[in-house]
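Contents: one structure, followed by commentary.
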Amino acid sequence: MKKIFLIVAIFFAIHNLTAQIYDPVSFKTSVKVLDSNNYELIITAQIEKGWHMYSQKVPANGPMPTSFVFSKSKNYTAKGGVIEPTGHEIDDPVFGIRIRLFETKAVFTQKIKRKNNEAFRVNATIEFMVCNDQSCLPPSERDFVFEIPKSDVKQETKVIAEVEKTDTIATVKEDTVKTEVPVKTEIKKDNAVTKNTDKPKDQNIWSVFILSFLGGLAALLTPCVFPMIPMTVSFFTKQSKNKAAGIRNALLYGCFIIIIYVALGTLVTTIFGADALNALATNVFFNLIFFGLLVVFAVSFLGAFEIVLPSSWLTKVDNNSQKSGVIGIFFMALALAIVSFSCTGPIVGTLLVQSASQGGLAPIIGMFGFSLAISLPFTLFAAFPGWMNSLPKSGGWLNSVKVVLGFLELALAFKFLSNADLVLQLHLLERETFLAIWIAIFSALTLYLFGKIQLSHDSPVTHLSVGRLSFGIVVLAFTIYLIPGLWGAPLQWISGFPPPKQYSESPNGIGMSATTNSTEALPEGAEEGPQGITVFRDYETGLAYAKKVNKPVMLDFTGFACVNCRKMEERVWPDPQVLSQLKNDVIVISLYVDDKRPLAENEQIISKISGKKLKYIGQKWSEFQILKYKTNAQPYYVLIDHKGENLNMPTAYNPNIEFYTNWLKEGVGNFKK
């Protein structure tokens, strides 16, 4: 039973695959020598599929245009403005205007003429904003440095230097023709220079791969797959003329398994689009559908029924698998996928739900990780058949793995139901109820592991193995850890999973007073928010109170189903310095962009973005965020004065406590000046 430890990582890794601040544009710079005195500075933007950036000229009330600033210098003069590509015009669905934009790739050029023979640098900054059809990301800046050599560079030299990301340096060397120049990439923060090592997108793809690989390992330990390993390997070793042929056939078999599952991931990406599912994280129907699916998967794993594909499919595939050669091996791999579907289907379905929500190539990467884990044993044991002697025999422990997966999928299902409840603000699945359900699920799992509960397909438990006992203790410890959450404990291990503390019957815990931690009564129109912070849910009401008490405002654009919002509230806001500032130095106005409660009749105006009537409170705040701040990312924090003017640069999700503390101090300090 110690193999069950492999699957527990699946459950706790899933919630880390949530939306992060996205960076869909990368830059490369080039310097082209036109002649001994004239140069062309080139900035190339590579834009990911589904995203676009805008022209330097946009209509009023549109998004922020792309703009460039080149440093002034006695060494050169600019010849005209920045030349941009043609792009194409569309009726933008976000801003509701006709606008010119660039997709996939955009090349901007600026010509300069030198004034003397000395080497010099040209510093440049681009400010831009990227959007997709559903939302926009906050405006961004990138800094570039172009190095121009002495004027004795040969006229025929055409040198291009390329680098990526921000604060880049492009250098033209005097004696080099068509040579790429090694450069450094740096990000400047707080007057310090640090190396750029932040790659959230790459890390997110890796987390998809690792999670899916763990899912494949878990699938291997199910009764539909594990017994197939010795049977299939034995077939290859006996039917092949020699060992080399057996290994070759096993390699083909493993490759075909990967191809079949990767094709499934490709199909999902093709049907739904690379980024189409990103916007579904707060969609009520999406969450309800997948709650139902995961419950069905869980009940299937617990033994109520089996999810099987039509038997006619298996018959046709099995007949084709009898053919010799590559075609027969392919159909053997397809037969494995169909036969094992009752065990692998729920795991594959869960992984596709999570990876598809990431957009891009995540479903393909996910299926590659899953299938790689499935295919490895068949290939390795075919190459080293003696290793099969070390495999444990099939038995009741295989069914136990399925049951454990069933409990974990059932617990995960309630996260999707919670999302729907939070968005609709029905208060049917508040924090205490959610935790009580989880405590019940993991208590039942503990009893199952200790042999106190048996299901229909289980073999009698005559004794506990060390592995099963150890895993049971881990689950029992986790169950006990959950219990104090009913009395208000923060439960940071699972932050973002249960509803926030303020979304509960007793915000301070069962049996505790629901009043604020302050001795003063709440202001009119306010409520107790995360960590006991007084928050307003209406912009005008909160701003009026801020004027009354002469404090700045922190706008908190958030969402009920926003996991990163909960992480900030449960990991960053409790810090003593941050909490003190949020309670005493600013007035917090939390605007939920996914609030599905209906607007009052007199507030249901026509949207300037879509041209449709705004029906819900969340639509009002979403429109306000897009029009005012040209972004639709959550969480998004803005410090403003009483006139609504920014006190410093807004910030998004950043779990760095020191950064958040300094950001608050800066804004409050600017307000007092």
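Values for this structure:
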{"quantity": "Estimated FRET transfer efficiency when R0 is 45 angstrom, pair R597-K57 (beta carbons, to 0.05)", "calculated": "0.70"}
{"quantity": "Built amide H within the under 5 Å cut-off of V130, gap 5+", "calculated": "L137"}
{"quantity": "Counted charge near S418, where neighbours are those whose Cβ lies closer than 10 Å (Asp, Glu -1; Lys, Arg +1)", "calculated": "0"}
{"quantity": "Label-point separation, A521 to F624 (7 Å along Cα→Cβ), nm", "calculated": "2.5"}
{"quantity": "Q604 paired with L267, simple spin-label distance in nm, labels 7 Å along Cα-to-beta-carbon", "calculated": "4.2"}
{"quantity": "Extension gain from Q577 to E505, taking 0.36 nm per residue of separation minus the Cα-Cα distance", "calculated": "23.1 nm"}
{"quantity": "Local electrostatic count at I606 - Lys and Arg +1, Asp and Glu -1, tallied over other residues with Cβ under 9 Å", "calculated": "+3"}
{"quantity": "Heavy atoms of H427: accessible area, 1.4 Å probe, square angstrom to 10", "calculated": "80"}
{"quantity": "Net charge over other residues, Cβ less than 10 angstrom from the Cβ of Q577 (K, R count +1; D, E count -1)", "calculated": "-1"}
{"quantity": "Gained length - A436 relative to I289, 0.36 nm times residue gap less alpha-carbon distance", "calculated": "50.7 nm"}
{"quantity": "Placed amide H near R597: partners under 5 Å, 5+ positions off or other chain", "calculated": "I617, G618"}
{"quantity": "Extension gain from E540 to L455, taking 0.36 nm per residue of separation minus the Cα-Cα distance", "calculated": "24.9 nm"}
{"quantity": "Hz values of 3J(HN,Hα) by residue in segment 438-455 - Karplus curve (6.51, -1.76, 1.60), Gly and Pro given as x", "calculated": "5, 4, 5, 4, 6, 5, 4, 5, 4, 4, 5, 5, 7, x, 8, 10, 10, 9"}
{"quantity": "Nearest-0.05 FRET efficiency for N670 and I210, computed from C-beta distance (R0 60 Å)", "calculated": "0.90"}
{"quantity": "Over 24 Å (Cα to Cα) - which of K57/K608; K57/K111; K548/K608; K49/K630; K501/K583; K583/K628 fall in this group", "calculated": "K548/K608; K583/K628"}
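The values are calculated or read from the model by the stated rules, or taken from the named source; none is laboratory data. Quick caveat: nothing in here was measured; it's all calculated off a predicted structure. Reconstructed Cβ throughout: ideal geometry from the backbone, glycine too, with neighbour counts over all protein chains shown. Ligands, DNA and RNA are stripped out before the accessible areas are found, and what is left, the full protein with its side chains, is counted by its heavy atoms. Shrake-Rupley method; radii C 1.70, N 1.55, O 1.52, S 1.80 Å.
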